[in-house]
Amino acid sequence: MRYEELTIEGRNAVLEAFRAGKPIDKLFVLKDCSDGPIHTILKEARKTDTILNFVTKERLDQLSKTGRHQGVLAYSAAYQYAEVEDLLRAAEEKGEPPFLILLDNVEDPHNLGAVIRTANLAGAHGIIIPKHRAVGLTATVAKTSAGAINYTPVAKVTNLSKTIEELKKKGLWFVCADMDGDSMYQLNLTGPIGLVVGSEGEGVSRLVKEKCDMTASIPMKGNIDSLNVSVAAGILAYEIVRQRMMQ
């Protein structure tokens, strides 16, 4: 399976990508360069959620694959992002209570790809990731998802805590994966739910955790104290599946 090239180099190519509405995750611009074409590109970038990075020529040369970056280089998403409303609509169309997975501090593309794959198989209606400190929909993510990225929408939001607050108003409950939480077997995980999982290193950030209604732990009997994020997400997702099937 082929995935689109993610690196866009050169002033005309980058500008046309923005004007065509192509989803650009990150833009790298030569520091202190503010001529007409660069100014136009920055103006277009600021209309979007693109993360701006002002870097040295050495850094651009390092990132460039063609050697002809002309002071600007962009990373495009492999796939179009969805809106949060699209995820809720997917649940409504299936006549099911929403089941969303939210990822906080997950920067490894293999983990995101694996979670997308699990989400699809568990019947989740979509995934929400934050704009900052998170991996986007790269080719590695697409490949690791084993095709699930074509069927499970991923929404990218500026503020995960605020998104949780807005979804609560729409009737969703949120459960946060946390080693110090209650056993997942003791919690009621039915109904409209959002499962929040963080990286195995940092876990879910304090601000996001405080917005959740419950914290769930996975019983562990071994000698180490954490699971890979995609494994933890899978275990908790299937406990939600089990409880839904028992209703």
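Can you tell me which residue within the stretch 67-82, out of those that are part of a loop (DSSP other than H, G, I, E, B) and aromatic (F, W, Y), is most open to solvent (accessible area, probe 1.4 Å)? The extreme case among them is Y79. In the condition set (1) of a type outside the set (F, W, Y); (2) surrounded by 18 or more Cβ atoms within 10 Å (Cβ to Cβ); (3) farther than 15 Å from V84 by Cβ, R133 is compliant with all but (2).
Which residue out of G191, G234, G198, G171 is in contact (Cβ under 8 Å) with a residue 12 or more places away in the chain, closer than 21 Å to E107 by Cβ and not in a helix (DSSP H, G or I)?
On the way: G191 fails: closer than 21 Å to E107 by Cβ; G234 fails: not in a helix (DSSP H, G or I); G171 fails: closer than 21 Å to E107 by Cβ.
Criteria check complete, one pass: G198.
If I filter the stretch 147-164 down to residues being in contact with a strand residue (DSSP E or B) (Cβ under 6 Å, 6 or more places away or on another chain) and assigned to a helix (DSSP H, G or I), which single residue comes out as farthest from T48 (Cα to Cα)? Filtering the stretch 147-164 for residues that are in contact with a strand residue (DSSP E or B) (Cβ under 6 Å, 6 or more places away or on another chain) and assigned to a helix (DSSP H, G or I), the one farthest from T48 (Cα to Cα) comes out as I164.
Residues that are open to solvent by 20 Å² or more (accessible area, probe 1.4 Å) and under 19 Å from A146 (Cα atoms) within the stretch 83-113 comprise E107, D108, P109, H110, N111, listed in sequence order. Taken together, the residues in the stretch 190-224 that are modelled with pLDDT under 95 and either on the phi > 0 side of the Ramachandran plot or aromatic (F, W, Y) (or both) amount to 1. Among the residues making up the stretch 24-50, those that are open to solvent by less than 50 Å² (accessible area, probe 1.4 Å) and in a helix (DSSP H, G or I) are G36, I38, T40, I41, L42, E44, A45.
The values are calculated or read from the model by the stated rules, or taken from the named source; none is laboratory data. Values in this document were obtained by computation on a predicted structure and should not be read as measured data. With ideal geometry, Cβ positions are generated from the backbone for all residues, glycine too; neighbour counts draw on all protein chains shown. Please note that ligands, DNA and RNA were not included when accessible areas were found on the heavy atoms of the full protein model with its side chains. Shrake-Rupley method; radii C 1.70, N 1.55, O 1.52, S 1.80 Å.
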